[in-house]
Amino acid sequence: MKKFFTTIAAAILTLSATAQTSVWGYYTGDFSQLEGIGTNSAGTVGQAMYVPGTGSFENAVIQKVKVPVIGLTNLSGLKIILGANLSAPTVTQEIDKTTLTGNAYNTITLDAPFTVPSTGAYVGFIFTVDKVSTTAEGYPIMLATNNDNVEQGLYLYTGTWEDYSNGNFGTSSLQIEVELPNQPDVIAYFGTIANGTTAAKTTSSWNVTINSDGKQAINNIDYTIDVAGIKESRKLDVSIPAGLLQKKEISIEIASPEAIAPYDVKLTLDKINGVDNPQKEAVSISNFINVNRLVQRKTVVEEFTGTGCGYCPRGWVGMENLKKNNPENFIGIAFHKYNTSDPMYVANYYPTSSLGISGAPSCNMDRKMKMDPYYGTKNSIQNDFNYYNAIAPLVDVTVKGTWDETQNIVSLEAQTEFLTNGGSYSLAFVLTADGLTGTTSSWNQSNYYSGQTGLPEDMAMFGTAGSSVKLTYDDVMIASSYSSAGKNLLGDLTTNSVAGNTQNTEYLLTLPSKTTLKNAIKKDEVYAVALVIDNKTKAIANAAKARVLPIEEATGIEKANGTTATPTAYYSLNGVRLDAPVKGINIVRMSDGTTRKIMIK
């Protein structure tokens with residue numbers, strides 16, 4: 001499923017509440033804020049959302065459903081479905097297409113009011129695309145892509161119903177008009193605070209959301225904060241309108257304990273406007289962790305791309321934007337494995353499947369979340385970058401890369417410092433290159449945006465270009481410590497970290513032997529990258545990047561003429577440092593910066 005490339009403004013939250021009747025949905029803005037997705041083919045498609053049956057929604061009665069409909073020319077078989085089972089709905093109501101308005105929300109009055117059972121129910125809308133004559137008809141499922149993912153907030157139908165609430169498409173845009181006989185005057189609860197990293201014995205501010213579903217506005221709250229078992233009662237003036245799904249973000253100061261260890265933070269919303277909160281047992285619990293010092297994260301974006309990928313120009317733009325806008329914190333690794341005819345194709349790297357990627361252009365950020373390299377998870381990858389880069393790391397790392405005299409082998413050194421206790425980590429090395437380009441047609445980037453109008457400003461050049469375009473490529477992965485099977489040839493750094501301890505790792509990487517790529521590499525635009533990987537989560541815990549330097553520039557020492565070079569280190573052919581030479585071929589680093597291959601019998 002592909003997103004329809006369009007510019008979407010920020011979603012607007014507007015709720016209507018009159019007595020006990022409300023317009024409700026995970027999105028309640030207007031049609032113009034929606035974005036279409038689909039399969040770009042004819043067929044039956046649809047969307048649905050889950051409506052809870054407890055709390056404010058106990059005995060809720062749905063009277064009307066608001067459905068977003070695109071152009072009507074090639075659509076048929078429009079139906080609203082309701083029930084506890086999407087595949088076997090209780091209610092199926094056909095809609096006369098002549099009563100609908102295209103490219104707008106349409107409010108449909110149900111033939112009979114539907115009472116939501118205590119177990120909850122699904123509300124959905126399906127229709128058939130008879131043929132695809134326009135781009136919009138290829139992407140006809142209008143979603144609230146600006147919304148954050150909500151559990152059970154999005155189900156999609158493309159032959160079968162599937163839960164896409166964690167698929168980074170946002171939420172369903174369906175809306176309902178619902179009567180809530182049991183809606184309380186006031187009711188609210190805290191959202192969960194994201195896991196955080198803090199320095200011991202410091203006070204920090206954290207944003208937390210108050211969610212309100214009451215009939216009355218909220219003017220003040222009383223809440224309790226519990227930090228590692230120490231409780232404190234607090235009062236806060238806050239302005240939240242009446243109605244369902246009202247939200248207000250507040251800042252809460254948290255004083256961290258002394259121990260370099262994880263600790264819990266619990267928030268309980270006790271009173272609203274001086275009245276006991278019906279949901280005060282709803283507690284936000286998050287795991288925080290203390291470190292001995294705070295350091296800046298370097299966020300890694302690994303992009304799957306290739307010259308044969310016609311949609312990859314937007315990935316090229318997205319990565320260039322991140323590089324330009326975040327020069328101190330962005331580490332890009334573009335691995336060109338989409339097509340083997342790509343002159344930058346290198347097989348030895350982390351498996352695409354392990355990154356959760358199956359198509360290009362795609363990327364993964366810190367090996368935590370796969371996303372589009374231009375859109376990100378919503379409409380701008382910069383927003384995702386800001387989120388992940390703000391997470392303080394549990395390790396610090398530096399890296400150095402040095403050319404040997406032939407400038408074919410890079411000697412890599414990384415120092416990792418553990419900032420807390422108990423973590424398990426491994427290390428991987430990567431070489432990237434900037435400024436890669438060539439004169440033959442194999443270097444040209446395939447371009448499916450040729451002839452398209454209305455593209456964002458940073459994509460406009462591809463609309464006026466031909467079906468292939470000459471580019472200069474940055475952040476291209478040219479070598480790594482991974483094998484062609486995706487195995488990291490370096491072992492664990494530690495299985496039980498101790499705060500303040502450091503570990504040094506050395507490795508050798510050789511330039512690719514493919515002449516086309518090797519000749520395009522500019523030796524002053526090659527970079528060493530060290531990735532520290534959390535063995536438990538498989539995410540990148542932190543990273544470092546540095547330009548590879550000649551031996552003289554790296555050490556600041558001029559080699560003396562007439563001296564005899566002596567061995568200083570031995571490495572296997574895979575680049576792993578050896579304690580002593582072994583039988584077979586060894587790579588030897590000499591005191592003058594050169595490397596040699598020797599055979600030990």
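Looking at Glu525, Glu506 in this structure, which one is acidic (Asp, Glu) and under 29 Å from Ser424 (Cβ atoms)?
Of Glu525, Glu506, the one residue that is acidic (Asp, Glu) and under 29 Å from Ser424 (Cβ atoms) is Glu506.
Test Leu156 against the criterion of being in contact with an Asp or Glu (Cβ under 7 Å, 6 or more places away or on another chain) and either part of a strand (DSSP E or B) or farther than 18 Å from Pro68 by Cβ (or both), and give yes or no.
yes
Return the pair list, or none, for Cβ contacts closer than 7 Å from residues in the range 42-60 that are closer than 13 Å to Glu179 by Cα and touching a residue at least 24 places away in the same chain (Cβ under 8 Å) to residues that are part of a strand (DSSP E or B) and not hydrophobic (A, V, I, L, M, F, W, C), at least 6 apart or on different chains.
The qualifying pairs are Asn59/Thr115; Ala60/Glu179.
Would you please list the contacts, defined by Cβ atoms under 6 Å and residues six or more apart or on different chains, that run from a residue in the range 336-349 that is touching a residue at least 60 places away in the same chain (Cβ under 8 Å) and under 17 Å from Gly438 (Cβ atoms) to a residue that is among the acidic types (Asp, Glu) and assigned to a loop (DSSP other than H, G, I, E, B)?
Once the first residue is touching a residue at least 60 places away in the same chain (Cβ under 8 Å) and under 17 Å from Gly438 (Cβ atoms) and sits in the range 336-349, its partners that are among the acidic types (Asp, Glu) and assigned to a loop (DSSP other than H, G, I, E, B) give His336/Asp342.
What residue, of Ile95, Ile8, Ile12, is of a type in the set (A, V, I, L, M) and modelled with pLDDT of 95 or more?
Ile95
Within the range 435-447, can one find any residue that is in contact with an Asp or Glu (Cβ under 6 Å, 6 or more places away or on another chain) and either modelled with pLDDT of 95 or more or part of a loop (DSSP other than H, G, I, E, B) (or both)?
Yes, the range 435-447 contains a residue that is in contact with an Asp or Glu (Cβ under 6 Å, 6 or more places away or on another chain) and either modelled with pLDDT of 95 or more or part of a loop (DSSP other than H, G, I, E, B) (or both).
So, in the range 241-260, of the ones that are touching a Phe, Trp or Tyr at 6+ places or on another chain (Cβ under 6 Å) and part of a loop (DSSP other than H, G, I, E, B), which residue ends up nearest to Gly229 (Cα to Cα)?
Pro257
Looking at (1) in a strand (DSSP E or B); (2) over 26 Å from Thr516 (Cβ atoms); (3) not polar (S, T, N, Q), can you tell me which one Leu322 breaks?
(1)
Hey, Tyr527 hits all of (1) open to solvent by less than 10 Å² (accessible area, probe 1.4 Å); (2) within 25 Å of Thr305 (Cβ to Cβ); (3) hydroxyl-bearing (Ser, Thr, Tyr) but one; which does it fall short on?
Looking at each condition in turn, Tyr527 falls short on (1).
Just one of Val526, Val469, Val476 is among the hydrophobic types (A, V, I, L, M, F, W, C), at pLDDT 95 or above and under 25 Å from Thr568 (Cβ atoms); which is it?
Val526
Please go through the range 284-325 and pick out each residue that is farther than 13 Å from Pro361 by Cβ and among the β-branched types (Val, Ile, Thr).
Ile285, Ile289, Val291, Val295, Thr299, Val300
Looking at (1) open to solvent by 20 Å² or more (accessible area, probe 1.4 Å); (2) part of a strand (DSSP E or B); (3) within 30 Å of Gly435 (Cβ to Cβ); (4) modelled with pLDDT under 95, can you tell me which one Ser513 breaks?
Against the list (1) open to solvent by 20 Å² or more (accessible area, probe 1.4 Å); (2) part of a strand (DSSP E or B); (3) within 30 Å of Gly435 (Cβ to Cβ); (4) modelled with pLDDT under 95, Ser513 comes up short only on (2).
Kindly indicate which of Asp474, Asp404 is open to solvent by 20 Å² or more (accessible area, probe 1.4 Å) and not β-branched (Val, Ile, Thr).
Step by step, each of Asp474, Asp404 is checked, and only Asp474 is open to solvent by 20 Å² or more (accessible area, probe 1.4 Å) and not β-branched (Val, Ile, Thr).
Which condition from (1) part of a loop (DSSP other than H, G, I, E, B); (2) closer than 17 Å to Asn488 by Cβ; (3) open to solvent by 10 Å² or more (accessible area, probe 1.4 Å) is the one that Ser354 breaks?
(1)
State whether one or more residues within the range 465-475 are in a strand (DSSP E or B) and of a type in the set (Phe, Trp, Tyr).
Yes: one or more hits.
Go through the residues of the range 410-421 one by one and say whether even a single one is touching a residue at least 12 places away in the same chain (Cβ under 8 Å), in contact with a helix residue (DSSP H, G or I) (Cβ under 9 Å, 6 or more places away or on another chain) and over 30 Å from Leu455 (Cα atoms).
yes
If I ask for residues that are open to solvent by 30 Å² or more (accessible area, probe 1.4 Å), closer than 26 Å to Asp396 by Cβ and in a strand (DSSP E or B), which ones from the range 477-510 would you list?
Matches in the range 477-510: Asn488, Asp492, Thr502, Gln503, Asn504, Glu506.
Across the range 64-90, what is the number of residues that are open to solvent by less than 50 Å² (accessible area, probe 1.4 Å) and in a strand (DSSP E or B)?
12
Going through the range 259-316 one residue at a time, which ones are open to solvent by 40 Å² or more (accessible area, probe 1.4 Å) and of a type in the set (Ser, Thr, Tyr)?
Once the filter is applied, which keeps residues that are open to solvent by 40 Å² or more (accessible area, probe 1.4 Å) and of a type in the set (Ser, Thr, Tyr), the range 259-316 yields only Tyr311.
Which condition number in (1) more than 20 Å from Gly435 (Cβ to Cβ); (2) within 16 Å of the chain's Cα centre (by Cα); (3) open to solvent by less than 40 Å² (accessible area, probe 1.4 Å); (4) touching a residue at least 60 places away in the same chain (Cβ under 8 Å) is the one that Leu322 fails?
Against the list (1) more than 20 Å from Gly435 (Cβ to Cβ); (2) within 16 Å of the chain's Cα centre (by Cα); (3) open to solvent by less than 40 Å² (accessible area, probe 1.4 Å); (4) touching a residue at least 60 places away in the same chain (Cβ under 8 Å), Leu322 comes up short only on (1).
Is there any pair with a first residue in the range 133-150 that is touching a residue at least 24 places away in the same chain (Cβ under 8 Å) and a second that is acidic (Asp, Glu) and crowded, with 19+ Cβ neighbours inside 10 Å whose Cβ atoms are under 7 Å apart and which are 6 or more apart or on different chains, and what are they?
Every condition considered, the pairs that remain are Leu143/Glu35; Thr145/Glu35.
Return yes or no: is Ser513 on the phi < 0 side of the Ramachandran plot, free of Cβ contacts under 8 Å to residues at least 12 places away in the same chain and polar (S, T, N, Q)?
yes
One line per residue, one yes/no per condition, for (1) open to solvent by less than 20 Å² (accessible area, probe 1.4 Å); (2) outside any strand (DSSP E or B):
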{"site": "Ser133", "(1), (2)": "no, yes"}
{"site": "Gln152", "(1), (2)": "no, yes"}
{"site": "Asn166", "(1), (2)": "no, yes"}
{"site": "Ile176", "(1), (2)": "yes, no"}
{"site": "Asn182", "(1), (2)": "no, yes"}
{"site": "Asp185", "(1), (2)": "no, yes"}
{"site": "Ile193", "(1), (2)": "yes, yes"}
{"site": "Ser204", "(1), (2)": "no, no"}
{"site": "Val208", "(1), (2)": "yes, no"}
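The values are calculated or read from the model by the stated rules, or taken from the named source; none is laboratory data. Being a predicted model, the structure only gives us computed values, none of them experimental. Counting neighbours? That spans all protein chains shown, and the Cβs are built from the backbone with ideal geometry, glycine included. The accessibility values were calculated without ligands, DNA or RNA, using every heavy atom of the protein model including side chains. Shrake-Rupley method; radii C 1.70, N 1.55, O 1.52, S 1.80 Å.
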